[in-house]
Amino acid sequence: MGERGDILIIEDDPDVGLLLLDVFDFRGVTTKLIAHPREITPDLAPSVVLSDLFGPPWYDRSSAVAHVSAIRQRFPGASLVLLTAFLEAAGDQAEIGADVVVAKPFDVDDLLQTVLSFAVPAERVAREVTQDG
């Protein structure tokens, strides 16, 4: 991991994590799945971090900001797509500091295109959309 196009997935729900891993692997994008931010290792250098929102079991903006801030500090050049079941987070996107906030449940194709728009050159995304659609 470390080349443009690499995606780090941080997701504690194993079913969702494996689904995401399969979706991106099918597209030929190098991915790494971890269940929690504390599993981040020094060798990771993704171009995109796709992360669940970790914190208390209720929405708390300050916890969301802390989570995003920690990821930004560790991966300063990476784009950050935040997944969450907390719909309030989408309205707080600017304050939280994520590039995009995607609400769960999500449309797999929409999420794929969103993440790929950050992970790979725009020409490749346009070509993939044209070939699929």
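The values are calculated or read from the model by the stated rules, or taken from the named source; none is laboratory data. All values reported here derive from a predicted model rather than from experimental measurement. Don't worry about glycine lacking a Cβ; one is built from the backbone with ideal geometry, like all the others, and counts go over all protein chains shown.
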> Residue check: is residue 60 modelled with pLDDT under 85 and of a type in the set (Asp, Glu)?
Replying inline: yes
>> Can you name every one of the strands (runs of 3 or more DSSP E) wholly within region 34-118 that holds 2 or more residues which are under 19 Å from residue 15 (Cα atoms), touching a Leu at 6+ places or on another chain (Cβ under 7 Å) and free of Cβ contacts under 8 Å to residues at least 24 places away in the same chain?
In response: 100-103
> Out of 55, 28, which single residue is surrounded by fewer than 16 Cβ atoms within 10 Å (Cβ to Cβ), on the phi > 0 side of the Ramachandran plot and not polar (S, T, N, Q)?
Replying inline: 28
>> residue 5 - would you say it is at pLDDT 90 or above, among the small types (Gly, Ala, Ser) and surrounded by 17 or more Cβ atoms within 10 Å (Cβ to Cβ)?
In response: no
> Does region 74-87 contain any residue that is farther than 22 Å from residue 119 by Cβ, of a type in the set (Lys, Arg) and at pLDDT 90 or above?
Replying inline: no
>> If residue 49 meets every condition in (1) surrounded by fewer than 17 Cβ atoms within 10 Å (Cβ to Cβ); (2) modelled with pLDDT of 95 or more; (3) of a type in the set (A, V, I, L, M) apart from one, which number is that one?
In response: (1)
> What do you reckon, is residue 112 surrounded by fewer than 19 Cβ atoms within 10 Å (Cβ to Cβ) and closer than 14 Å to residue 7 by Cα?
Replying inline: no
> On the given criteria, is residue 11 in contact (Cβ under 8 Å) with a residue 60 or more places away in the chain and touching a strand residue (DSSP E or B) at 6+ places or on another chain (Cβ under 9 Å)?
Replying inline: yes
> For residue 22, all conditions in the list (1) buried (at least 21 other Cβ atoms within 10 Å of the Cβ); (2) in a helix (DSSP H, G or I) hold save one; what is the number of the exception?
Replying inline: (1)
>> For region 65-95: of the residues being among the aliphatic types (A, V, I, L, M) and in contact with a Ser or Thr (Cβ under 9 Å, 6 or more places away or on another chain), which is surrounded by the fewest Cβ atoms within 10 Å (Cβ to Cβ)?
In response: 90
